[in-house]
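**Student:** One structure is given below, represented as structure tokens, and several questions about it will come after.
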Amino acid sequence: VRFTDFYANGPVCSPTRTGFITGRYQQRYGLESPILSAEPANGKGLTAEGSSLPQLLNNAGYRTALVGKWHLGSGERHSPGAHGFDYFFGFKKGYSDYYQHTDGLGEADLWENDQQVVVEGYLTDLITQRSISFIEANSEQPFFLSVQYNAAHWPYQVPDMSSDAIDHSRHLMPEENNTSTRDDYIAILERADQGIGEIMAALDELGLADNTLLVFTNDNGGEWLSSNAPLHNRKGTVWEGGIRVPAVIRWPGVIPAGQVTEQVGITMDLSATFLAVAGAEVPAGYSLEGINLMPVLSNQSSVVERTLFWREGNQANRAVRSGDMKLIMNGGRSFLFNVREDVEEDHDLTNRGQTEIRQLRMLLDAWESEVNAEAQSRGLR
């Protein structure tokens, strides 16, 4: 099933990953911006509380693994293991050198569980290899594997570079001299695509494909080397190009093939869906904010109307979508769009949509008041 209207919880990495691991809005945990490489190990991060997605799946008898990017804190209480992952291989900071496996400060950042390791190889390929190894080692029992490629995140280092070129390839932004190109971006992404194919082939070879729920999606809209057309803008904004992302869900034994759905979805729906499929017990009083998508995907129920919220970094960059209408609050200005009819966000309806704006603004204000209060109760705001 391919989604036309699927969203990331946030327009950047750490916030969306928080929404996935908790199944709730990340604003409740004070994580609305990317965690910086300079953040101390015991500083900012998502503290484990025993209710994380991998922990609940682990409690239900699943072997759990994360291979790739974590970016929810590097301290012990923030680590993948603390959140219930039985196995972790990858990096903990926001981005990594594909060859030298160092973070934004040039410090080593490659881990196996809670131990730093040195492993030679292009990071995309290492993620693929470790993912397949986990599947092979756990093929006789239920497992949950989160494969979190860094491709195609900066630095835009293409596969198969010569050793003398690697030190000159750490390009991040378009204004840099001799910066990366669209062809570089494509080559980086195609290597991840190849890895996904290898993972899917491993599921086939082990006879697991028909009974494995597989999801492909992203944690934010494309960066500057990508093309988000026809969506407006890109990563780091709450315009559609920053938050609407690809999403494909595959489960050959359960979901009919070849479908396209207009069901509005969001990252934290995946958390609710996985827990429901696994029959995992959610602690009393712990309120998941996503929905189980399986009734819609298996054609047992019709499309569900949603109201969803976004806020990135500060209150100047906010949005709410309710039904087909979306309000963006950007730099103190209001913009109103029907994103079902106008996915490009070309036609601002503010001049004749004052009633809708007031209604959506009330929803947004009420949501903000609630999540802010919970964050404050955690001492995070």
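**Student:** Collect the residues in the stretch 321-336 that are in a strand (DSSP E or B) and not β-branched (Val, Ile, Thr), keeping them in residue-number order.
**Tutor:** The answer is Arg321, Ser322, Met325, Lys326, Leu327, Met329, Asn330, Arg333, Ser334, Phe335, Leu336.
**Student:** Kindly indicate whether any position in the stretch 160-176 is touching a Pro at 6+ places or on another chain (Cβ under 6 Å), open to solvent by 60 Å² or more (accessible area, probe 1.4 Å) and either acidic (Asp, Glu) or over 13 Å from Ile127 (Cβ atoms) (or both).
**Tutor:** Checked the stretch 160-176: at least one residue is touching a Pro at 6+ places or on another chain (Cβ under 6 Å), open to solvent by 60 Å² or more (accessible area, probe 1.4 Å) and either acidic (Asp, Glu) or over 13 Å from Ile127 (Cβ atoms) (or both).
**Student:** Do any residues in the stretch 167-194 that are modelled with pLDDT of 90 or more have Cβ atoms under 8 Å from those of residues that are assigned to a helix (DSSP H, G or I), where the two are at least six apart or on different chains, and which pairs are they?
**Tutor:** Qualifying pairs under 8 Å: Ile188/Thr124; Arg191/Thr124; Arg191/Asp125; Ala192/Thr124; Gln194/Thr128.
**Student:** If Arg333 passes every condition in (1) surrounded by 14 or more Cβ atoms within 10 Å (Cβ to Cβ); (2) over 28 Å from Arg250 (Cβ atoms); (3) out of contact with any His (no Cβ under 6 Å at 6 or more places or on another chain) but one, which one does it miss?
**Tutor:** Status for Arg333: all satisfied but (1).
Matching residues to (1) within 24 Å of Ala375 (Cα to Cα); (2) at pLDDT 95 or above:
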residue: Pro40; (1), (2): yes, no
residue: Lys44; (1), (2): yes, no
residue: Ser51; (1), (2): yes, yes
residue: Leu56; (1), (2): yes, yes
residue: Leu66; (1), (2): no, yes
residue: Ser74; (1), (2): yes, no
residue: Ser79; (1), (2): yes, yes
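**Student:** For the stretch 337-347, how many residues meet the condition of being open to solvent by less than 60 Å² (accessible area, probe 1.4 Å) and either touching a strand residue (DSSP E or B) at 6+ places or on another chain (Cβ under 9 Å) or assigned to a strand (DSSP E or B) (or both)?
**Tutor:** Total satisfying the criteria: 5.
**Student:** Could you please let me know if Ala209 is over 20 Å from the mean Cα position of the chain (by Cα), crowded, with 17+ Cβ neighbours inside 10 Å, touching a residue at least 60 places away in the same chain (Cβ under 8 Å) and farther than 18 Å from Gly23 by Cα?
**Tutor:** The answer is no for Ala209.
**Student:** Go through the residues of the stretch 133-153 one by one and say whether even a single one is over 21 Å from Phe20 (Cα atoms), under 21 Å from the mean Cα position of the chain (by Cα) and open to solvent by 40 Å² or more (accessible area, probe 1.4 Å).
**Tutor:** Looking for residues that are over 21 Å from Phe20 (Cα atoms), under 21 Å from the mean Cα position of the chain (by Cα) and open to solvent by 40 Å² or more (accessible area, probe 1.4 Å), one finds none in the stretch 133-153, hence no.
**Student:** Next question, about the same structure. Could you list all residues from the stretch 348-367 that are in contact with a strand residue (DSSP E or B) (Cβ under 7 Å, 6 or more places away or on another chain) and at pLDDT 95 or above?
**Tutor:** Asp348, Leu349, Thr350, Glu356, Ile357, Leu360, Arg361, Leu363, Leu364, Trp367
The values are calculated or read from the model by the stated rules, or taken from the named source; none is laboratory data. Values in this document were obtained by computation on a predicted structure and should not be read as measured data. Positions of Cβ are generated from backbone atoms using ideal geometry, with glycine treated the same way; all protein chains shown enter the neighbour counts. Just so you know, the surface numbers come from the protein's heavy atoms only, side chains and all, with ligands and any DNA or RNA stripped out. Shrake-Rupley method; radii C 1.70, N 1.55, O 1.52, S 1.80 Å.
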